[in-house]
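Here's the structure we're looking at; comments come further down.
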Amino acid sequence: MSTIADISGSSSSGQLSAITGSSSLGKEDFLTLLVAQLQNQDPLNPSDPTEFTAQLAQYSSLEQLMSVNENIENLASTSQNQQQLSALGLIGREVVVEQGEFQLGDSDVTLGYQLDAQADRVELHVQDSRGKSLAVIKPAEMTAGSHFVSWDGTDSNGLPIAKGDYTLSVLALDADEEGISNQPLIKGQVTGVDLDGSQSTLVTNAGSYSLNKVKSIREL
């Protein structure tokens, strides 16, 4: 808001000094200055209140915008709290996430794939952090839709793979060897929830995943 000028008289000057001693002007302070100007103006040469009126309208609009912004922040906070409560309710349930990254632990991992159309050949490749294929799984299901297989954590030679982080890559081809659109899926049981940050993270036996990656949920 622009600086308010042309307030005459000792009374108005005193009021101005008292008010501007603070770091910012509130609406009540602004009205006090406006009244002070009107009381101390020269009757023979009255001030034009147009600028004050415009500033008052500007202040009112700003105040409304600040109120709207505060309401939006409160709504966002409420939404985040509700999301966290919803995430806590998933503990113990089985979820399917649309993501290829997973963690291999002590137990088998349920790997999945979603096909947009009928395939003639499907291969699931388990890759390490360098993109090297360690295991190749050839599932029987090739129809459009979501399918799952249990992987025991062994490589293509039947040897156990070390625990750690891996990535599932899906190769799906039709009868003409053309690629079919697909989505890697990981299925896991929710064992906990990480509430740090703005996005809740589900901790499962197959890894940790953002809540927005969840494709489906079901009770065990």
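The table that follows gives values for the structure above.
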{"read-out": "Qualifying residue in region 120-132 (condition: polar (S, T, N, Q) and modelled with pLDDT of 95 or more)", "value": "yes"}
{"read-out": "Answer from 135, 162, 172 - the residue that is assigned to a loop (DSSP other than H, G, I, E, B), in the same structural domain as residue 110 (by TED's automatic domain parsing) and either among the hydrophobic types (A, V, I, L, M, F, W, C) or in contact with a helix residue (DSSP H, G or I) (Cβ under 7 Å, 6 or more places away or on another chain) (or both)", "value": "162"}
{"read-out": "Odd one out for residue 92, checked against (1) modelled with pLDDT of 95 or more; (2) assigned to a loop (DSSP other than H, G, I, E, B)", "value": "(1)"}
{"read-out": "Qualifying residue in region 186-205 (condition: in a loop (DSSP other than H, G, I, E, B) and either under 19 Å from residue 122 (Cβ atoms) or acidic (Asp, Glu) (or both))", "value": "yes"}
{"read-out": "Count of residues meeting criterion [closer than 17 Å to residue 105 by Cβ and among the polar types (S, T, N, Q)] in region 176-198", "value": "2"}
{"read-out": "Residues of region 100-122 that turn out to be assigned to a loop (DSSP other than H, G, I, E, B), under 14 Å from residue 187 (Cβ atoms) and in contact with a strand residue (DSSP E or B) (Cβ under 6 Å, 6 or more places away or on another chain), as a count", "value": "2"}
{"read-out": "Subset of region 134-165 (residues that are closer than 20 Å to residue 98 by Cα and hydroxyl-bearing (Ser, Thr, Tyr))", "value": "143, 146, 150"}
{"read-out": "The listed residue being surrounded by 12 or more Cβ atoms within 10 Å (Cβ to Cβ), farther than 23 Å from residue 95 by Cβ and among the hydroxyl-bearing types (Ser, Thr, Tyr), out of 154, 167", "value": "154"}
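The values are calculated or read from the model by the stated rules, or taken from the named source; none is laboratory data. A quick note: this is a predicted structure, and the numbers were derived from the prediction, not measured. Neighbour counts run over all protein chains shown; Cβ positions are idealised from the backbone, glycine included.
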